[in-house]
Amino acid sequence: MSNMKQREPPELPCNLRIEVDRISNLPGHIIDKILSHLSLRDAVRTSILSTKWRYKWVTLPYLVFDNQSVLVSAQDQTLVKNKLVSIVDHVLLLHTGPIHKFKLSHRDLQGVSDIDRWILFLSRGSVKEFILEIWKGHRYRLPSSIYSCQKLIHLELFNCLLKPPSNFNGFRSLKSLDLQHITMDQLAFEHMISSCPLLERLTLMNFDGFTLLNIHAPNLLFFDVGGVFEDVSFRDTFHLAVVSIGLYVNTGNERNLAFGSTGNLIKFFACLPHIQRLEVQSFFLKYLAAGTIPGKLPKPCVDLSFLSIRINFNDIEENLAALCLLRSCPNLQELEMLARTEDQAPSRAATNIAENFQSFPFNQLRIIKIVGISGIRQELYFINFLLANTPVLERMTVKPASMDGGWELVKELLRFRRASMHAEIIYLDP
């Protein structure tokens, strides 16, 4: 028996003593990649997986505190606030390494003084992306420390009051600025925009404190604005390619006549030589129609391929402004016209509007979409004009505002002559 070979334990792949802990032995960059796709809440929970994972989350460079990552259930607003503050404080206390992105956007968080502390903490680091959305309460006044975050590339603010200090010289690295429901005075706004030399994207929505949109941004590529303002002008914006602009109040034309013979159309496009996509929303076409309306712009928008216009077809000036835009875009490929109805009778000379629709070929226009029409004569004039002057048109989609007179509208559309043999007219029910 003593000479018998000692029996060795079987090499079983399930033997716990030799099984490789695959999760623990993942390369560091793979773990970082996994964590980057998780919410902050789930990233913290990975600390129970293994010793190697225990403190991995504290090095996350992207911190997002929103309703997905921070679950707080309580009816008492004070309890909600205290729990949220406790969570953010805890994460920042344990965090090591750089913070590149910080987003605070919890539906139950109001503007509290604790945010001042967090921004001060971030300003001492190298935060590149800062997003703050205050969904409840009054405008939150940003602390002065936010203006010292000179590594910022993206800044996004919602429901905030901005009062930069007198020594603020702009965000020198900022490329994207998104301001919604904010308050800021005129000089501070203009100074901020002109002092961000690398700014490429600018979004302004529902702002107050300033009414003149004087945009000086040499590297601006994208501009999206919607709100109440008196005037908009561009300076050194020769790279601007995408513009979406909505004026939320019907200002009328009388106050804009001070611009004299130049007119708003010519002034607006003077520094937009390379615009590629334009959306004219709400009442902004009425603004453009103020003053002298030329048959065409002095310099055509040769790069513009997409145009969306919200228009009151009963307004002769708006019709003329729309025609001017169309004639000034020789390479337009896609057109969208959204009817804007107003409680008013047709404006002056609307009965003679047909004489303005002289033959003018749009040799690149392929797609047309017309929405919200009711079948009035001025709308039909415009549709007839477009069908007769688009030799390469592929599809025109028409969607009325209501079912009233729908069949009569269809019969009118079918009667119109089409310059394109391949044009398809699609009628959509409202």
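The values are calculated or read from the model by the stated rules, or taken from the named source; none is laboratory data. Note that the coordinates shown come from a computational prediction; the quantities given were computed from them, not determined experimentally. As a convention, Cβ positions derive from the backbone with ideal geometry for all residues, glycine included, and neighbour counts pool all protein chains shown. We work out accessible area using only protein heavy atoms, side chains counted, and drop any ligands, DNA or RNA first. Shrake-Rupley method; radii C 1.70, N 1.55, O 1.52, S 1.80 Å.
Things worth noting here:
- Odd one out for Ile146, checked against (1) part of a loop (DSSP other than H, G, I, E, B); (2) touching a Phe, Trp or Tyr at 6+ places or on another chain (Cβ under 9 Å): (1)
- One residue from Met421, Met403 being open to solvent by 70 Å² or more (accessible area, probe 1.4 Å), under 19 Å from Ser359 (Cα atoms) and either in a loop (DSSP other than H, G, I, E, B) or touching a His at 6+ places or on another chain (Cβ under 9 Å) (or both): Met421
- In segment 293-309, the qualifying residues are those that are exposed (fewer than 14 other Cβ atoms within 10 Å of the Cβ) and touching a helix residue (DSSP H, G or I) at 6+ places or on another chain (Cβ under 7 Å), and the one that is modelled with the highest pLDDT is Pro298.
- Segment 317-337: number of residues that are open to solvent by 10 Å² or more (accessible area, probe 1.4 Å) and not in a loop (DSSP other than H, G, I, E, B): 5
- Of everything in segment 349-374 that is within 19 Å of Arg418 (Cβ to Cβ) and of a type in the set (Gly, Ala, Ser), the residue that is modelled with the highest pLDDT is Ser359.
- Residues that are modelled with pLDDT of 95 or more and over 33 Å from the mean Cα position of the chain (by Cα), drawn from segment 390-418: Pro391
- Hits in segment 357-387 (condition: assigned to a helix (DSSP H, G or I) and open to solvent by 30 Å² or more (accessible area, probe 1.4 Å)): Arg377, Tyr381, Asn384
- Taken over segment 61-102, residues that are open to solvent by 20 Å² or more (accessible area, probe 1.4 Å) and either farther than 19 Å from Arg139 by Cβ or part of a loop (DSSP other than H, G, I, E, B) (or both) amount to 28.
- The set of residues from segment 186-212 being in a loop (DSSP other than H, G, I, E, B) and not aliphatic (A, V, I, L, M) comprises Ser195, Cys196, Pro197, Glu200, Asn206, Phe207, Gly209, Phe210, Thr211.
- Residues that are over 17 Å from Lys103 (Cα atoms) and of a type in the set (Val, Ile, Thr), drawn from segment 146-183: Ile182, Thr183
Residue by residue, here is whether (1) over 22 Å from the mean Cα position of the chain (by Cα); (2) open to solvent by 40 Å² or more (accessible area, probe 1.4 Å) holds:
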| site | (1), (2) |
| --- | --- |
| Arg107 | no, yes |
| Ser113 | yes, yes |
| Trp118 | yes, no |
| Arg124 | yes, yes |
| Val127 | yes, no |
| Ile134 | no, no |
| Gly137 | yes, yes |
| Leu155 | no, no |
| Cys160 | no, no |
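- Residue list for segment 179-208, restricted to those being touching a His at 6+ places or on another chain (Cβ under 8 Å) and not β-branched (Val, Ile, Thr): Glu190, Ser194, Met205, Asn206, Phe207
- The set of residues in segment 174-185 being within 20 Å of the chain's Cα centre (by Cα) and in a loop (DSSP other than H, G, I, E, B) consists of Leu174, Lys175, Met184.
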